[in-house]
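Just below is one structure, and these are the notes that go with it.
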Amino acid sequence: MDENYYVVITTVSSKDNASRIANILLNKRLAACINMVENITSKYWWNSNIEESKEIMLFIKTREELLERVKHEILVNHEYEVAEVIALKIEDISLHYASWIDKETNKVL
């Protein structure tokens, strides 16, 4: 398996924004799967204050060659002034799942 696979993580404040970003990425075949985990609590620094809010976390599965396009779509469709976009390289992945990601993101096999 020569391809590198990634999980891209972002958080948003609304289900509408989560669905919008997920639908854009899936319709453009930039991701094979997106998990939306609702009702997480985030604490963070913002404007010199510690803030707390409820958010939705997205786990986006994609291939390395699509990574910059995924990040771009998140940033242009995100509601936050400073959007979290973290890409984690998958170090170990089953062959069947990797093949499925390839298929669903239109990689020519």
On the basis of being aliphatic (A, V, I, L, M) and over 14 Å from Val7 (Cα atoms), does Ile56 make the cut? yes
I'd like to verify a number: residues in the stretch 1-14 that are assigned to a loop (DSSP other than H, G, I, E, B) and either at pLDDT 95 or above or aromatic (Phe, Trp, Tyr) (or both), how many? 3
Only one of (1) exposed (fewer than 14 other Cβ atoms within 10 Å of the Cβ); (2) assigned to a helix (DSSP H, G or I); (3) not hydroxyl-bearing (Ser, Thr, Tyr) fails for Ile40. Which number is that? (2)
Considering the stretch 52-64, residues that are free of Cβ contacts under 8 Å to residues at least 60 places away in the same chain and not β-branched (Val, Ile, Thr), and then whichever is farthest from Ser19 (Cα to Cα), we arrive at Glu52
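Residue under question is Ala31, and the condition is that it be touching a residue at least 24 places away in the same chain (Cβ under 8 Å) and either crowded, with 21+ Cβ neighbours inside 10 Å or farther than 28 Å from Asp92 by Cα (or both); does it hold? Before you say what the answer is, go through the steps one by one.
Numbers: touching a residue at least 24 places away in the same chain (Cβ under 8 Å): yes; either crowded, with 21+ Cβ neighbours inside 10 Å or farther than 28 Å from Asp92 by Cα (or both): yes.
Taking the combined requirement at face value, the residue satisfies it.
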Do we find a residue being of a type in the set (A, V, I, L, M, F, W, C) and either under 24 Å from Ile101 (Cβ atoms) or touching a Pro at 6+ places or on another chain (Cβ under 6 Å) (or both) anywhere in the stretch 11-19? yes
Among the numbered criteria (1) closer than 16 Å to Ile9 by Cβ; (2) not in a strand (DSSP E or B), which single criterion is violated by Val76? (1)
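Please verify whether Asn17 is loosely packed, with under 14 Cβ neighbours inside 10 Å and either among the polar types (S, T, N, Q) or not in a strand (DSSP E or B) (or both), treating the condition exactly as stated.
Judged against the criteria, Asn17 is not a match.
Go over the candidates Asn77, Asn49 one by one and state the one that is out of contact with any strand residue (DSSP E or B) (no Cβ under 6 Å at 6 or more places or on another chain) and either touching a residue at least 40 places away in the same chain (Cβ under 8 Å) or surrounded by 14 or more Cβ atoms within 10 Å (Cβ to Cβ) (or both). Working first, answer last.
Numbers: Asn49 fails: either touching a residue at least 40 places away in the same chain (Cβ under 8 Å) or surrounded by 14 or more Cβ atoms within 10 Å (Cβ to Cβ) (or both).
Selected residue: Asn77, the only one of Asn77, Asn49 that is out of contact with any strand residue (DSSP E or B) (no Cβ under 6 Å at 6 or more places or on another chain) and either touching a residue at least 40 places away in the same chain (Cβ under 8 Å) or surrounded by 14 or more Cβ atoms within 10 Å (Cβ to Cβ) (or both).
The values are calculated or read from the model by the stated rules, or taken from the named source; none is laboratory data. Remember, it's a predicted structure, so these values are computed and weren't measured experimentally. All Cβ positions, even for glycine, are placed from backbone atoms using ideal geometry, and neighbour counts span all protein chains on display.
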